[in-house]
Every structure is written in structure tokens, then in C-alpha cells.
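Undergrad: First the structure, then my questions, so here it is.
No value in this document is a laboratory result; all are computed from the given coordinates. The structure presented is a predicted model; accordingly, all values stated were derived computationally and were not measured. As a convention, Cβ positions derive from the backbone with ideal geometry for all residues, glycine included, and neighbour counts pool all protein chains shown.
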Amino acid sequence: MDKQPDEVAGMFDGVAKHYDRTNAVLSAGNAYLWRIATVRAVAPQSGERILDLAAGTGTSSVALSHTGAKVIAVDFSPGMIEEGRRKHKNIEFVQADIEKLPFGDDEFDAVTISFGLRNVNDPKAALAEMYRVLKPGGRLVICEFSKPPRALFRMGYQTYLRYVMPAVTAAVSSNREAYTYLADSIAEWPDQGQLSQWIRGAGFIRVAYRNLTSGIVALHRGRKPVDAAVLASVAKRRRATSRRPGAGSSRGASPDALS
């Protein structure tokens, strides 16, 4: 999908006010369970610095902060940031592009993104930025819509996206077009195996995933290497890639979440 940053940001601005309510309805309550699974995978500890990307209104950031970790919530949409700051006074919100994060190297103990990576025009560039800002040994957790492995369940889910979701969003959402985009972006997003390959390609090790809700959602995990030789090898490969003609995709970025 050709995702223009300003257009996607504006679309999310339009759903910010009723964002959490709509997500709860569309997911039949599963959004809460997915959030719990994500927080457990991140395993935030007191004193850690955690970067929550595509944080939307900050619901996930609040859940991550309960153990005493310092959570920075990042989103591309000004409307989401405004709503998040209104709701959650104790969370630090930063409006930023996931492909060009305004943070230094090796700053965070964990980086997580829920339902936002597929909204980035160049997901591989976003993964490279997540790798860059993580400390060696730091944890990556990605919660994202995926492909149910069972054919019958997959067909039923596709029917839900095509016919049921539009009817529901017409009743509960302030911006029906945003959730039409949601269905399209899910349909075009790669499966669990391909996303795992992208994560490994960014330099992460110990890459794994597990399916949630029969594979409607997949929880991906990885670690930034600690070994200096491995870190140097990844850095060398990245420099070589950046020097290639045409390197650095022309696809823009738009990191926002819809769950």
C-alpha cells in the first residue's frame, strides 16, 4: 500500500477521540488480552527505559509503566498525542517518525510496537531504527495482525474484515474510512514467517513468535546482540547496504496504530 505520512496521520487524528472504545468493540475485547500478552513479553522492570512506538493514546504505555519503568510513548499523529497527553499526565509523549527516531544509539532497554509496524511505508527501515536505539542485549517485542494458519479460520476472518467490520465501524467509529484502511492494511501485511525474516535481517537474534487468537495476531520477539563481533558485523552490513545505489527506500513512513 502506498502510505503517505500526512494522509495516514490525518486519518488517525480523526479517530483519536473514540480510538480505544472502537478498538475494544472491533476486537471483541481481545485488545485487552493482546495488551497483557505484550506487556508480559516486554517484561518491564523498575528503572528501565522503554520505548513504546505507535503508542496511540498511550493505553499500552500506561500498562508498561506499572512496574516502575520509564516509558516514552511515540506516535506520528498529533491528534493521538493530544488525546494521550490529556488522558495520561504521567506519560511522556513524543511526536516522531519511526524511521527517524529522535533518540541516540543504545538508549533503551526495550522497544515495543503494537499494531503500528504495518502502517509504516518502510518497515525494514523502522526495524533498523529500533535496533539502533536499543542497548546491546535489549528486547524487541512486536504485536501485529498476522495470518491465521488454519485455512477455514482464515476464510472466516477475511469475511469478518470485509463485511462485519464495515458495519460495526459505521455504528461506533468517528471515521469509517480509517477502519476501511485497517482491513486493507491487514490483508496486505506479510505472514509470521516473513516478518520474522525482516526482524533477523535488521540484526536481531533469538527471533521467535507465537500466535494469539488463532493467529489473527502474532507476538514477535528478538534481542539486540551483546557480542561485540556480532554488533560490528551488523553495523558493517548496514553501512554496505546504505552505500548501494537506491538504498534507503523511497517509501515514506507513517507509524500509527490501529488495533
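Undergrad: How high is the FRET efficiency from L152 to I205, r the C-beta distance, R0 45 Å, rounded to 0.05?
TA: 0.80
Undergrad: At 0.36 nm per residue, and after removing the present C-alpha to C-alpha distance, how many nm does the segment from V94 to A228 gain when stretched out fully?
TA: Length difference between fully extended and current span is 45.1 nm.
Undergrad: What shape does segment 64-130 have by the C-alpha gyration tensor, where a ≥ b ≥ c are the square roots of the eigenvalues, rounded means a/c under 1.5, and otherwise prolate means a/b greater than b/c and oblate the rest?
TA: Oblate is the answer for segment 64-130, as a/c is 1.5 or above yet b/c matches or exceeds a/b.
Undergrad: Taking Cα centroids, how far is segment 109-148 from segment 209-231 in Å?
TA: Segment 109-148 and segment 209-231 have Cα centres separated by 9 Å.
Undergrad: Any number yet on Rg/Rh for segment 44-159, C-alpha, Kirkwood?
TA: So for segment 44-159, dividing Rg by the Kirkwood Rh gives 1.02.
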